[in-house]
Amino acid sequence: MSSPARSSSFRFSCLWVLPFLASTVSSSIDTFVFGGCSTLKYSPGSPYQEVLNSLLTSLVNSAEFSTYSNFTAPGPGSGFGSGSSPQNSPLYGLFQCRGDLNVDDCSRCVNQAVSRLGTLCVGSCGGLLQLDGCLVKYDNATFLGVQDKTVVLKKCAPISGYQFNSDEAAKRDSVLGYVETSDGTYKPYRTGWSGGARAVAQCVQDLSSGECQDCLTEAIGQLKSNCGGARWGDMFLGKCYVRYFEGGIRSHAGDGPSSDDNVEKTLAILIGLIAAVALIMVFLSFLGKSYERSKGGGK
Ligand SMILES: *[C@@H]1O[C@H](CO)[C@@H](O)[C@H](O)[C@H]1NC(C)=O
Ligand SMILES: *[C@@H]1O[C@H](CO)[C@@H](O)[C@H](O)[C@H]1NC(C)=O
């Protein structure tokens, strides 16, 4: 097992820019967890956009019947006139709803995710959005059926104010152990509880049974080593996640953000302020210049 970094982290493959951070308080199916867009862009109005739009429509339509689906759309440019440059890499897309959702809720979640991706990832070749109830991802780089155990998001309850006692630690280990145990059948969604402790695990179903098991084992190991005595923890890897919470307390249930969150939020606010001040200064200097120019012109 690789040695995990200590801080809360976001990592994508080199294609992905820093994703948007969640700061939601209430937990519902469409609560934002994380998202990101590829830095590669397609040109607006290009065949790429058409293919992407039809791919996303297929995802939304398919979510009315199932809780997981994948699509591969033939590459833009293929089948079109001979003049177009060979831009034939197919587009891939999938959605994965949490295993306890019914088809109606899944469909609603995928709809939400696709429409939010439309504004989050304008012009990006690839996009990814994880809501509480579903994951939607598309890209023209292959990812379907590919194992991915990269840590994408980890969050732990702040451990400064509260530490597990040994009884609670035992409950956590037992509930995580239960979720990790395979009975040989393919279970992409798993849940377990022990007293007030609860764990939820989900694989993206393009993984085989063995790959899913492998991914969850890694996620649970990472969760245990990163979130030691914390009352809740989230570990999202590329193709699976594990979430753990104790005593009805959960990362998104208004227990207050972790200290990492606060740092991130403060940073975001600061960056926003600096950007706003810079914009105002540019605007003022522009006003000043055009005022001077009109004064000069009036002479
Ligand atoms: C994805 O599409 C973009 C824009 O058309 C292109 O530049 C890039 O090479 C494609 N990526 C792959 C893996 O084919
Ligand atoms: C993609 O979906 C098809 C059915 O539409 C299925 O047969 C195939 O196994 C899926 N591939 C992956 C990688 O999940």
Holding the Cα-Cα limit at 21 Å, pick out from Lys154/Lys224; Lys149/Lys224; Lys155/Lys224; Lys187/Lys239; Lys41/Lys239 the pairs that are longer than that.
Lys41/Lys239
Using the Cα centre of segment 109-193 as the reference point, and only Cβ charges (+1 on K/R, -1 on D/E), how large is the resulting charge dipole? Debye, rounded to the nearest 20.
180
Pop a pseudo-label 7 angstrom from the Cα along the beta-carbon direction at both Ser46 and Ala170 and give the gap in nm to one decimal.
6.0
Separation in nanometres of the label points that stand 7 Å from Cα toward Cβ, at Trp193 and Thr119
3.5
One can check that the equivalent ellipsoid of segment 94-234, built from the alpha-carbon gyration tensor with semi-axes equal to the square roots of five times its eigenvalues, has lengths in Å, largest first, of 29, 18, 15
One finds, for Ala141 and Thr217 with R0 = 25 angstrom and r their Cβ-Cβ distance, a FRET efficiency to the nearest 0.05 of 0.45
May I ask for log10 I(q)/I(0) of segment 151-246 at q = 0.17, 0.18, 0.26 Å⁻¹, from a Debye sum over the Cα atoms as equal point scatterers with solvent left out?
-0.66, -0.73, -1.37
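Values in this text are rule-based calculations from the coordinates and carry no lab data. Quantities reported herein were computed from a predicted structural model and do not represent experimental measurements. Glycine gets a Cβ as well: all are built from the backbone with ideal geometry, and neighbour counts include every protein chain shown.
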